[in-house]
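One structure, pasted below without further comment.
Values quoted throughout were computed directly from the atomic coordinates according to the rules given, and no laboratory measurement underlies them. Keep in mind the model is a prediction, meaning the values are calculated, not measured.
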Amino acid sequence: RFALAHLPVELPLGSLAYWLEQLGVNLLISVSNDSYLYPWDRTSDSYGLPIPIGEYGGNKMKNVGNVVYILAGTKGNIYWTQGTYCRLFKALPAYLTKNATTVPSSSVTWGGIGVASGGKLLVGVGAGASGQSGVYMVTAEGKVTLDNYPSTGQANVTALYAVDDSYDMGYAGGADNNTYSQRYTNYE
């Protein structure tokens with residue numbers, strides 16, 4: 001392993017590597033200060049053709065079945081790529097992430113990212129004071145549900161670790177374990 005600051009690949013001047021995710025033979029590199037993904041074959045001195053995302057900022061990524069999902073920007077948009085181009089996959093509905101009477105230009109703070117059983121994407125979301133913060137589940141078909149939130153109340157889940165039918169979620173006040181068999185006991 002190596003630290004992101006010591007990647008043996010030359011990124012554009014001033015770029016700060018933020019997140020790494022493997023896709024086939026390439027390693028996708030997101031940076032915190034532009035709107036591109038940089039594919040790197042792990043042997044070249046430089047990256048391949050950059051993939052434009054469409055939103056500026058550090059982007060978290062997760063590979064699910066050779067499709068990389070990308071949490072981008074602050075509007076709740078989730079993109080996907082298979083390595084050559086990037087498309088909008090799903091936008092989290094503003095009525096879930098911001099329950100105010102007006103829709104702000106910035107509605108979410110991305111938290112952790114993981115994969116539940118069946119290839120469902122788990123996404124930690126901080127939605128502000130009037131929104132629904134917690135763990136959202138997104139299916140491959142694009143169905144979005146608020147799956148759970150911390151036992152202390154709604155908060156941005158900044159860390160997710162999923163195994164089979166359960167996951168651990170970390171947040172500013174601690175950590176919880178969620179198993180699907182327990183969920184129906186607590187959240188009928």
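I need the phi-derived Karplus couplings for the range 30-36: 6.51 cos²θ - 1.76 cosθ + 1.60, θ = phi - 60°, integer Hz, Gly and Pro marked x.
Working through the residues one at a time gives 9, 10, 7, 10, 7, 10, 10 Hz.
Test of understanding: what is the full-extension gain from TYR18 to TYR95, defined as 0.36 nm times their sequence separation minus their Cα-Cα distance?
Net length gain for the segment: 24.8 nm.
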